[in-house]
Amino acid sequence: MSTIRAVRVETCGAAEQMTVQNVPEPKPSAGQVRVRMSACGINLIDTYHRSGLYPLPLPTGLGCEGAGVVDEVGEGVDDLAVGERVAFAMAMGAYAEAIVLPRTSLVRIPDSVSNEQAAAVMLKAMTVDYLFNETFPLNGGETVLFHAAAGGVGLIACQWARHLGAELVGTASTPEKCDLAIRHGASHCYLSDDPELADKLRQHAPEGYPVVYDSVGKSTYRLSLGLLAPLGTFVSFGNASGPIDAVVPGELALGGSLYFTRPTLATHMARPGWMQASADRIFALISSGALSVEINQRYALDDVVQAHNDLEGRLTTGSSILIP
Ligand code: NDP
């Protein structure tokens, strides 16, 4: 029996719970495609799956972003051929030499985009796409607050906001990360542990921000809430510092009839046609040069524990990929 190497988790916990194992090579059934992986995107959500914060049935594979080459198609798949380059987001099991997915989960990668670039941005850029074009649409001219501005999602957000003509004010944990965010389009970026952070952020939006995109959660919730303008929108889309304990409706009233939303990419991916349309928007931005893909960390599959420790230890910037 043919085997492939894949990351497996049998018990949730620290990064060391991940092991690389030989598992049977998956076969595509009707409507499915096997992709030989070129690169797997690494996302903070993978650490939530591994730790059990977002529970999965165990044992499980990990990783939900990647790109590769079609090497076998199942019955009924007649619009993708062996050898074509494809990418995907939000499909479990990407940390592997090969993955089998429904044809409907895959998009073709255009000539102007490499497999590594696609693997590094599909999930992250689709997230920025729905945040900026749907959750709180930016039309240009807004000043918005975005935490963790030098991260994987963050550096894409800086560039996409600039492209849309919005001013993105960011936060990050080191001066180097702040410089990086500014080089990618943030108008300003402040140290997240600056004791005068609230005052510094307020000077760019004296009446309050119309929207805060907050993926840090527990440690930034109060700060973000206090910086919103009346009728402003709190977009809570992640838990890098831990989940927010509780949202008290009365505090939304006191802040000035605030809106609170907790969006997920999965909701958007489930909408017919959305994934392909989003991929088209992302590939167009990369092709035009408006979005440069920052792959700042590359790891071998065997170094997956190091990759997670680096991401959770706040040692990374931009995108990280695993090369199987
Ligand atoms: P990042 O590359 O942004 O890494 C996470 C960053 O969070 C760190 O680099 C760090 O930046 C910051 N951070 C702040 N506090 C902490 C802390 N206590 N521990 C660790 N990190 C901290 O990750 P991703 O690009 O993969 O994801 C960014 C966020 O977006 C995540 O919260 C993720 O869950 C969320 N997300 C949500 C989606 C959705 O649809 N809801 C989809 C995709 C991502 P710094 O050092 O500058 O503080």
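Our estimate of slack between Asp71 and Leu231, defined as 0.36 nm per intervening residue step minus the Cα-Cα distance, is 52.5 nm. Dipole orientation for the stretch 12-70: of the candidates Val70, Val23, Ile45, Val70 has the Cα lying most toward the positive pole (charges on Cβ; Lys, Arg +1; Asp, Glu -1). Given +1 at the Cβ of Lys and Arg, -1 at the Cβ of Asp and Glu and no other charges, the dipole of the chain around its Cα centre is 220 debye to the nearest 20. Using R0 = 41 Å, the C-beta based FRET efficiency linking Phe260 and Thr60 works out to 0.85. The Cα trace of the stretch 140-262 gives Rg and Dmax of 13.3, 39 Å, the first to one decimal, the second as a whole number. Projected label points at Lys27 and Asp199, each 7 Å from Cα along the beta carbon direction, are separated by 6.9 nanometres. Extension gain, Asp78-Ala284: 0.36 nm per intervening residue step, less the Cα-Cα distance, totals 71.6 nm. Heavy-atom accessible area with a 1.4 Å probe sorts Lys177, Lys124, largest first, into Lys177, Lys124. Does the stretch 1-132 come out rounded, prolate or oblate by the C-alpha gyration tensor, with a ≥ b ≥ c the root eigenvalues, rounded set by a/c under 1.5 and, if not, prolate when a/b is larger than b/c and oblate if not? Oblate, since a/c reaches 1.5 and b/c is not below a/b. A run of the chain free of exposed loop cleavage sites, with GluC sites (Glu not before Pro) counted only in DSSP states other than H, G, I, E and B and at most 14 other beta carbons within 10 Å, reaches its longest extent at 76-195. Taking only the C-alpha atoms of the stretch 145-200, the Rg (one decimal) and the largest Cα-Cα distance, Dmax (whole number), read 10.1, 31 Å.
Between Arg108 and Leu315, residue separation times 0.36 nm minus the direct Cα-Cα distance comes to 71.3 nm.
For the stretch 186-233, what class follows from the C-alpha gyration tensor (a ≥ b ≥ c being the square roots of its eigenvalues): rounded when a/c is under 1.5, otherwise prolate if a/b is larger than b/c, else oblate? Note, shape of the stretch 186-233 comes out oblate. What residues of the stretch 237-273 lie in the reach of a label at Glu176, counting those whose backbone N is under 12 Å from a point 7 Å from the Cα along Cα→Cβ? Residues passing the 12 Å test: none. Once the other residues with Cβ under 10 Å from the Cβ of Leu155 are scored (Lys, Arg +1; Asp, Glu -1), what is the net sum? So the surrounding residues net to +2. Charged neighbours of Ala81, selected by a Cβ distance under 14 Å, balance to 0 (K, R count +1; D, E count -1).
Report, in deg cm²/dmol and to the nearest 500, the calculated mean residue ellipticity at 222 nm for the chain, where each DSSP H run with n ≥ 4 adds -39500 (n - 2.57) and the sum is divided by the residue count. Rounded to the nearest 500, it is -8000 deg cm²/dmol. For Lys124, a cut-off of 25 angstrom between C-alpha atoms picks up these lysines, skipping any fewer than 8 places away in its own chain: Lys177, Lys218. Within the stretch 186-248, the trypsin sites (Lys or Arg not before Pro) that combine a DSSP coil assignment with at most 15 other C-beta atoms in a 10 angstrom radius are Lys218.
When the scattering of the chain is computed by the Debye formula from its Cα atoms alone, each counted once and equally, what is log10 I(q)/I(0) at q = 0.10, 0.14, 0.16 Å⁻¹? After summing over all Cα pairs, the log10 values are -0.57, -1.07, -1.35. Ligands, DNA and RNA left out, the 1.4 Å accessible surface of the chain is 53% carbon and sulfur atoms.
The values are calculated or read from the model by the stated rules, or taken from the named source; none is laboratory data. Note that the structure is predicted; figures quoted are calculated from it, not measured. Glycine gets a Cβ as well: all are built from the backbone with ideal geometry, and neighbour counts include every protein chain shown. Each accessible area value is taken on the protein alone, full model and side chains, heavy atoms only, with ligands, DNA and RNA left out. Shrake-Rupley method; radii C 1.70, N 1.55, O 1.52, S 1.80 Å.
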